[in-house]
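Working notes, beginning with the structure itself.
The values are calculated or read from the model by the stated rules, or taken from the named source; none is laboratory data. This structure is a prediction, so every number in the text was calculated from the model and none was measured. When we count neighbours, we look across all protein chains shown, and the Cβ atoms used for this are built from the backbone with ideal geometry, even at glycine. Heavy atoms of the whole protein, side chains included, go into the accessibility calculation; ligands, DNA and RNA do not. Shrake-Rupley method; radii C 1.70, N 1.55, O 1.52, S 1.80 Å.
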Amino acid sequence: MDTHTQNDPNNPINYKETQEDRQHAKDELMRDTLQELSIKYLGEDATDFYNDIEDLGSKDSHQIWEDLNDNGFFHVDIIYYYKAIEYLKEHDTSLKESLEIASEYGYNTENLNSETLASLHASRDRENKFYEFVAPELDKITK
């Protein structure tokens, strides 16, 4: 028998899946899931912020969150006053949530502006959506 057909995935009779094959498939599924869901729910491709994209299958959603956080994925920067006001009108009209987030980070009213409040709120919203929509799907793959 030809040794090339012994482990050929296109020849299912002789193909023996290895642990390396399973890990590679898991890595690809995690990458594709992260990419698809982050674009859909978070508005940006999280895989662009991931340094070691080939090793995703060995991590759980919290480890992936930490890596993405370290690479700035959850930091949303709303820099124009008009855009900040529009964002806050749509997402936090009372400013209650934004002020609570700012307080958690040590801000006080003297060093806050609309851009900072909107950026903090949008960043927290991205984190929350990650845990609501993306993390559960990633965790299904790791189990």
*For residue 37, are the conditions met, namely being within 30 Å of residue 21 (Cα to Cα), open to solvent by less than 30 Å² (accessible area, probe 1.4 Å) and either of a type in the set (S, T, N, Q) or part of a helix (DSSP H, G or I) (or both)?*
yes
_For residue 139: the one exception among (1) touching an Asp or Glu at 6+ places or on another chain (Cβ under 7 Å); (2) open to solvent by less than 30 Å² (accessible area, probe 1.4 Å); (3) of a type in the set (Asp, Glu)_ = (2)
*Would region 34-47 turn up any residue that is within 16 Å of residue 140 (Cβ to Cβ) and at pLDDT below 90?*
no
*Residue check: is residue 120 within 13 Å of the chain's Cα centre (by Cα) and open to solvent by less than 60 Å² (accessible area, probe 1.4 Å)?*
no
_Scope region 54-87; condition touching a Leu at 6+ places or on another chain (Cβ under 9 Å), surrounded by fewer than 17 Cβ atoms within 10 Å (Cβ to Cβ) and in a helix (DSSP H, G or I); matching residues_ = none
*If you check 104, 90, 115, 97, which single one turns out to be among the acidic types (Asp, Glu), in contact with a Phe, Trp or Tyr (Cβ under 9 Å, 6 or more places away or on another chain) and at pLDDT 95 or above?*
115
_I'd like to check something: does region 92-111 contain any residue that is open to solvent by 70 Å² or more (accessible area, probe 1.4 Å), basic (Lys, Arg) and over 22 Å from residue 41 (Cβ atoms)?_
yes
_Of all residues being open to solvent by less than 60 Å² (accessible area, probe 1.4 Å) and over 20 Å from residue 143 (Cβ atoms) in region 1-33, which is modelled with the highest pLDDT? Just the residue, please._
18
*Of all residues in region 40-53 being of a type in the set (Ser, Thr, Tyr) and open to solvent by less than 60 Å² (accessible area, probe 1.4 Å), which is nearest to residue 130 (Cα to Cα)?*
47
*Collect the residues in region 41-52 that are more than 13 Å from residue 126 (Cβ to Cβ), touching a helix residue (DSSP H, G or I) at 6+ places or on another chain (Cβ under 8 Å) and assigned to a helix (DSSP H, G or I), keeping them in residue-number order.*
47
*Hey, can you tell me all the residues within region 100-143 that are under 30 Å from residue 30 (Cα atoms), in contact with a helix residue (DSSP H, G or I) (Cβ under 7 Å, 6 or more places away or on another chain) and either basic (Lys, Arg) or not in a helix (DSSP H, G or I) (or both)?*
124, 126, 129
